[in-house]
1. With the condition kept exactly as written, say whether any residue in the stretch B:51-61 is facing chain A (nearest Cβ under 10 Å) and of a type outside the set (Ser, Thr, Tyr).
2. Could you identify the single residue in A:GLY93, A:GLY97, A:GLY68 that is closer than 30 Å to A:PRO298 by Cα and in contact (Cβ under 8 Å) with a residue 12 or more places away in the chain?
3. Mind counting the residues in the stretch A:1-60 that are closer than 30 Å to A:ARG264 by Cβ and of a type outside the set (Lys, Arg)?
4. What number of residues within the stretch A:155-171 satisfy the criterion of being within 30 Å of A:LEU58 (Cβ to Cβ) and either under 21 Å from the mean Cα position of the chain (by Cα) or assigned to a loop (DSSP other than H, G, I, E, B) (or both)?
5. Would you point out the residue of the stretch A:222-262, among those that are among the aliphatic types (A, V, I, L, M) and not in a helix (DSSP H, G or I), that is surrounded by the most Cβ atoms within 10 Å (Cβ to Cβ)?
6. Could you tell me which residue of the stretch A:164-189 is surrounded by the fewest Cβ atoms within 10 Å (Cβ to Cβ), considering only residues that are under 19 Å from A:VAL286 (Cα atoms) and of a type in the set (Phe, Trp, Tyr)?
7. Of everything in the stretch B:69-90 that's of a type in the set (Ser, Thr, Tyr) and facing another protein chain (nearest Cβ under 7 Å), which residue is surrounded by the most Cβ atoms within 10 Å (Cβ to Cβ)?
8. Identify all residues within the stretch A:228-268 that are within 10 Å of chain B (Cβ to nearest Cβ) and without any contact (Cβ under 8 Å) to a residue 24 or more places away in the chain; write none if there are none.
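The numbers here are math on the coordinates, done by the rules we state, and not lab data. Remember, it's a predicted structure, so these values are computed and weren't measured experimentally. Heads up, the Cβs are rebuilt from the backbone with ideal geometry, glycines too, and the neighbour counts pull from every protein chain shown.
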Amino acid sequence: MARLITPALLVLLVLTTLASLAVGSTSVDVLGGLYGFVTGQTSLDTIVIGEVRLPRTLIALAVGAALGLSGAALQGLLRNPLAEPGLTGASQGAALGAASVFYFGLFPALGAAAPSVAGLIGAGVALVLMLALAGSARSHMVIMAGLAITTLCGAALATVLNFAPNPYAMQELVFWLLGSVSERGLEHLWLLLPPLLAGSLLIISQRRLLSGLSLGDQVARSMGLNYRHGSFMIVLGAALLVGSSVAVAGSIGFVGLLVPHLLRPLVQNRPERLLIPAALAGAILVCLADVCVRMLPPGRELKLGVLTSLLGAPLFIWLVWKERKRWN
Amino acid sequence: MELIRIHQLGVDQRLQDVSLSLHRGEVLGILGANGAGKSTMLHCLAGIEDYRGEIFLHDQRLDKIPERRRAQQIGFLPQSSQSAWALSVHDVISLGRLPWGDTNAEAVAQAAAATGVTDWLERPIDRLSGGQQARVWLARVLAGQPRVLLADEPVASLDLSQQQHVLQMLRDYARNDCGVMLSIHDLSLAARYCDRLCLLHEGRLLALGPVAEVLTHDNLQRAFGIDAHIDLESQPPIVMPR
């Protein structure tokens, strides 16, 4: 079962990707459009696929993978099934960075990519502050420092909202924060990919540490694993992943928390085996949620982050209920 | 032949100027009241605590040996263990192979057989009793096949029969050209299963040597503040506070 989980998720990922390319307001030939885009043709199908649906799909997959992977890594590092990517403070930092664009009109030359660039900077600053405050990567210090920086960024964000220059700017900001992958181009993907790759590599390089940490940091260190260095790498990797995904797509709730939780029993509860399946399942979940958003009746768009929260919260309640029954 | 040599080991105020060695084939018991420095000393050897002084493993300074190679040679069983996730017993024991980077099925099976946990290999660790879990934690260390096994109060949570079983197993392990250093509170068990003893008092070495030289009225009075009944001639030896 555990061996089949990654191939099964890969098949699902391909199917989800094709579905995401096929679903939209106009009906197009997906494979023909893709071929046309790759070979540089200009037809309606090519434009719809290449400039609208492909970036949207790839960003949804990348954001979902980032959230799933960072959630699995942080839960493994902190040995806590309730750890979630927002814990590092990078998420609120990214939101504050993006909000500053709406408020101060930063980086006008970057156009639509400006909130994402500012979000990345915000996530980076929050991350540096958090790591400096935590001093070490001990789990309780990371949680406390992450909470402190999240609170600080939240307060600054509230201030920005409070003094928003006009109601439209505020509305734009709030909608952006709700999370979405619509109206994103390939330039957003290029922005997202480097931190995403770096963060993933950092986390995957620490698989042995995550495995050893199952039995606590003392045991892990006695088995020759460099806890201090390794846990720093994991926190850094997770913050890069979540910071860049929030910067590009806003806040998409519950994926980082729920996906690892749901998959854990399927990989025999092994934290190091959870990483890749969590990334794949996160990608599938966010992409599917985005397909659902597109299939809803036209009108005001339901934001992707709202939908994942609406779906995630009852699922989370069910998990709590299941856990409770286990302990009774 | 020395496996480990400790020279003037110190950690803050918790451990001061402790010098001793562990020989091949030997079980060395570390005794002392709570806070005497037993766990601190084992932590230094296990590479999880910084220290002053020098520790030599096979005549090589411990702090100069790469962490992974040290972990291949020295296995550590902490005072209390817990798995954050409901891992299977087999997976927990396999974690002992992490320093080697392999999944040596033979070593895992041997460790499971030695500790008598073979029947539960597929069960989740959190579904076992405390005593059963203690045997699995020990199996995890044995799976790493270390030359030196450090055990911090390995029998604290076990029933009488399990205590004997585990200590006999550690003794057998040591006899196989390895060495075992364990901290223990039960002085009678220490007298029965350890070859030599090391008595710590307020972070300093109070006595070191054969059982009869260490377990004396004066030493126990100083280290524990107790008047002890000591009968090392009986089988098994008896050392109890009056």
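1. Checked the stretch B:51-61: no residue is facing chain A (nearest Cβ under 10 Å) and of a type outside the set (Ser, Thr, Tyr).
2. A:GLY68
3. Final tally of qualifying residues: 23.
4. The qualifying residues number 1.
5. A:ILE252
6. A:PHE175
7. That would be B:SER83.
8. A:PRO265
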